[in-house]
Amino acid sequence: MNNKLKNILWYTVLLLFSLIFVLPIIWIFISSLKTSNEIFSWPPTILPNNVTFSNYITAFNKGNFVTYFKNSIFVAVAATALTLLINSMAGYALAKFDFKGNKLIFFLFIATLMIPLQVIMVPIFIVLRNLGLYNSLWGIIIPPAATPTGVFLVRQYMTTIPDEVLESARIDGASEWRIFSMIILPLSKPVLTALTIFSFMWRWNDFLWPFVVLSNESKYTIQVAIANFVGQFSVDWNSLLAMNIVAMIPVLLVFLFFQRYFVKGIAMSGMKM
Amino acid sequence: MYRWKKKIAPYLFILPNLIIFGIFIVFPALFGFYVSFTEWDVLTSPEFIGLGNFIKLFQSAEFWTILSRTLIYVFSVVPITFGLSMVLAIILDRNIKAKGFFRAIFYLPTMLSFIVIGVSWRWILGNNFGILNYLLDLAGMAPVNWLTNARTATIMVIFATVWARVGYFMVMFIAGLQGIPGVYYEAAEIDGASKWQQFRHITFPLLKPTSLVVVVLSTIQAFKMFGLIKVMTTGGPGDSTTYLVQEIYQQAFQVGDMGYASAMSVMLFIILGLLTIVQFKVSNRGGNAYE
């Protein structure tokens, strides 16, 4: 009996605590469904009197919201594809070849995990400008693709693939690229899936980089657009909340469908976001 | 023939990543170091001024204010995040009902961008329209100027940061906990060790490697924080939530003083490096947990 009571108490505490983590998101969603009058009514209504999607329609008609959304999708997809390709190649080289400089390059990658973009944003900005990548979506796709985290993840995983597999393929006369693409990549599916999900999320949620690189409004990603929207003199909360919800949807969908990979990915690496 | 191919192959495989890495990380890091010794407004060419920027930095009262403010923010965020994520992990690692559900809920905010999170809290904490002040009102309390008062704004920025990150480190701790063999607890149970003793002598020491990663990463992340603050408080009221990274951004892209901004970046890098070394040293003290 005593135990049962204790259990109920524990669950209640846990449940109340977990509300702090979901209610804000739910509240944003509910607010986004209210009319522009109701949203500021005081006392506030908890549930909307009339559920309306007009905020979403206004947001989409306003400015270039569709463009921002498209830019974000393009950046996230292109950056993820590039990340997957070059990280898996580099990870493979570091995991499965004993070449001169292997240790040094690996150390260099790891060491730069300590250099966040925030520390080098000034010189990077200048490099991008000189390469003509300033105010270009490619300027936010290419540089983060060589992420040390990704290389590290892939390398750690690929070291567990037995060397015999590669050697026998080599004896059969398979080319190095063929071994990589036909044997190594299929065997590394778990880590590549995790990297795909993480990379998509990182790029979708990126802010500082796009904020520094993009100057033209037609190039904005959704995050930059929202931040810019907040900065305006009077905040148009109706459209802002709707935009906020739309910006959440892709990552929430990814989360819903690939939940177990997140746990795996974090556990595999103990690495940064 | 295939030996030769095997020799050249790794270089070709690593090349694309290395080129991008070199151009966009290694070179900028070195270049930024150089720029910190120059006076540069981007339009003209950089002029070498030796330690000028650093001297200016050390003599600037504003810099020290911002630095101490940043340290208060970081050293509030890190211990709270650390403690909370560890407690949640220990609770949700046990065989309780609906643990998957709870884990997902605590993990949820870590999926969202700091921009989205900042906007959300700004909406909730609004003075005249925010739901939180309404709840206070219902409870018969006076409304609080959450984000327009320096003190509460700082607290809420710290709170939002913890809220956003705790689930991530919880998952890391859960992974760490699952690496601790169950027999240790069984043995301790037989010896009559209390739950607290089990935590103190088994869980905590064996979690040390995970703890180190969590402390190092959460420290770096806190120092990096930009987007959340940008939309939640815009560094205000006044400049009460303006931290080092905000200041670097302003000096570089609004004032246009690249040298001074780079000198601050170098300082940030040194601070991060020193803190990481200290964290490793502290963690190594007392030897290996398994001994």
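Each value in this text was obtained by applying a stated rule to the coordinates, not by laboratory testing. Since we're looking at a predicted model, the values are computed, not measured. A quick note on method: Cβ atoms are made from the backbone with ideal geometry, for glycine too, and the neighbour counts reach across all protein chains shown.
Some notes on this structure:
- Summary: within chain A, the longest segment free of chymotrypsin sites (Phe, Trp or Tyr not before Pro) located in DSSP loops with at most 14 other C-beta atoms within 10 Å is A:54-232.
- Rounded FRET efficiency, nearest 0.05, which uses the C-beta distance separating residue A:218 from residue B:128 and R0 of 51 Å: 0.90
- Scaled against 2.2 N^0.38 Å for its residue count N, the alpha carbon radius of gyration of the stretch B:144-291 is 1.40.
- Counting only residues at least eight positions apart within a chain, or on another chain, the aspartates and glutamates with an alpha carbon under 17 Å from that of residue B:56 are B:39, B:41, B:47, B:247, B:257.
- Alpha-carbon Debye profile of the stretch A:64-269, log10 I(q)/I(0) at 0.13, 0.15, 0.16 Å⁻¹: -0.81, -1.01, -1.11
- Between residue B:43 and residue A:29, the modelled labels are 5.1 nm apart [label points 7 Å from Cα along Cα→Cβ].
- Entries of A:189/B:5; A:189/B:6; A:103/A:219; A:4/B:99; A:103/B:208; B:7/B:208 with Cα pairs more than 29 Å apart: A:103/A:219; B:7/B:208
- Its alpha carbons give the protein assembly as shown an Rg and a Dmax of 25.0, 84 Å.
- For the stretch A:1-52 versus the stretch B:92-118, the inter-centroid distance based on Cα atoms is 16 Å.
- Cα convex hull volume per residue for chain B (Å³): 232
- Average silhouette area of the stretch B:127-220, convex hull of alpha-carbon atoms, in square nanometres: 9.4
- Trypsin sites (Lys or Arg not before Pro), loop per DSSP, at most 15 other Cβ atoms within 10 Å - longest free stretch of chain B: B:98-284
- Peptide B:170-177, shielding by other chains (average Cβ, 10 Å cutoff): 3
- According to the calculation over all Cα-Cα pairs in the stretch A:1-158, the P(r) per 5 Å bin from zero is 1, 7, 9, 10, 10, 10, 10, 10, 11, 9, 7, 4, 2, 1, 0 %.
- Counting only DSSP H runs of at least 4 residues, each contributing -39500 (n - 2.57), and dividing by the residue count of chain B, the helix-based mean residue ellipticity at 222 nm comes to -21500 deg cm²/dmol.
- Reducing the stretch B:232-291 and the stretch A:80-127 to their Cα centroids gives an inter-centroid distance of 22 Å.
- Expressed as a fraction of 2.2 N^0.38 Å, the value expected for a compact globular protein of N residues, the C-alpha radius of gyration of the stretch B:38-92 is 1.97.
- Backbone N within the stretch B:2-45 under 18 Å of label point (7 Å from residue A:175 Cα along the Cβ vector): B:2-16
- For chain A, a Gaussian network of Cα nodes joined below 10 Å ranks A:159, A:83, A:149 by mean-square fluctuation, and the top entry is A:159.
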